[in-house]
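Peer 1: Structure in structure tokens, see below.
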Amino acid sequence: MTVRIAMWSGPRTLSTATMRAWENRPDTVVVDEPLYAYYLAATGIDHPGREEIVAGQPTDWRVVVRSLTDDDLLDGAVISYQKHMTHHVLPEIDLGELAGLTHAHLIRDPRRVLASYAKVRGEPTLADLGIQQQVDLYRRFGGPVIDSDDLLRDPEGVLTALCRALGVPFDERMLSWPAGPRPTDGVWAPHWYASVEASTGFGPYRGDDVPDLPDHLAALAEQCRPFYDELARQALRS
């Protein structure tokens, strides 16, 4: 039986490292942010590598969604792991078309998200972070939730719990992977993936201290807080 996992997250949530973990399983193929070109084309927003992204992916969300259930893409695997950014889900997308996927959610404390994201895009907005959209997706589809802090504290325990919730066996090969880029990485990788390309596993947990933020980012983190807290209450524990 094929399992098609739609893993929803905002930016800078360990989403690429988590994709690496799944890609290191021999029974899994991964898809990196398939709605990115659609999102850029529809919004006109400027992101690093915009022209390459729009040229390299379909810009029609219907084409993208159909591809996510295409058995030809599985190449003998039984799990399709789809790394999705929640802010790529614009209002015109018919969420009913996503109902056949197995949904899951990766979250991170918004202060940590913003400390990382602002290094690449200095003036993020609530919509850029996708946390409100993620709550909407959770309310619609449900699915297991994992927190990146918990994942760093106990990768094996959290991934085991996640696999159990998704109905697939845990594979210890999810805990480490070879360093370097992957052919499956999006063309935006040079702008965003330097740290994960240097990694061979999940990094160390940095403790409960949180980064100091400038006032405008601290205010945005507080806007995110109620959405994050709603999802955090549902997070799996190892």
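Peer 1: Beta carbons within 10 angstrom, averaged per residue: use that to sort the peptides 85-95, 153-163, highest first.
Peer 2: Order by mean packing, descending: 153-163, 85-95.
Peer 1: Also, I was wondering about something else. Under the rule of -39500 (n - 2.57) per DSSP H run of 4 or more residues, summed and divided by the residues of the chain, what mean residue ellipticity at 222 nm is obtained, to the nearest 500 deg cm²/dmol?
Peer 2: Numbers: 12 runs with 99 residues, N = 238.
Result for the chain, helices only: -11500 deg cm²/dmol.
Peer 1: Same structure, new question: Around ARG111, what is the net charge, scoring Lys/Arg as +1 and Asp/Glu as -1 over all other residues with Cβ under 15 Å from its Cβ?
Peer 2: Values: positive: ARG12, ARG108, ARG112, LYS119, ARG206, ARG225; negative: ASP109, ASP147, ASP149, ASP208, ASP209, ASP212, ASP215, GLU222, ASP229.
Computed value for this residue: -3.
Peer 1: With both partners inside the range 3-232, how many of the DSSP beta bridges are antiparallel, as a percent to the nearest 5?
Peer 2: Details: 1 of 20 bridges.
Among the beta bridges of the range 3-232, antiparallel pairing accounts for roughly 5 percent.
Peer 1: Further question on the same structure: If only Cα atoms are counted, what is the Rg of the range 3-232, and what is its Dmax, in Å?
Peer 2: So, for the range 3-232, Rg and Dmax equal 16.6, 50 Å respectively.
Peer 1: Now, a different point. For the chain, with a Gaussian network of springs between Cα atoms less than 10 Å apart, report the residue from ASP70, ASP150, ASP128 with the top mean-square fluctuation.
Peer 2: The residue that fluctuates most here is ASP70.
Peer 1: Going by a ≥ b ≥ c, the root eigenvalues of the Cα gyration tensor, does the range 1-61 fall in the rounded group (a/c under 1.5), the prolate group (a/b larger than b/c) or the oblate group? Working shown, then result.
Peer 2: Numbers: a/c = 2.35, a/b = 1.80, b/c = 1.31.
Prolate shape, in that a/c is at least 1.5 and a/b is the bigger ratio.
Quick note: the coordinates plus some simple rules give every number you see, no bench work behind them. Given the structure is predicted, the values throughout are model-derived calculations rather than measurements. Quick reminder, even Gly has a Cβ in these numbers, built from the backbone with ideal geometry, and neighbours come from all protein chains shown.
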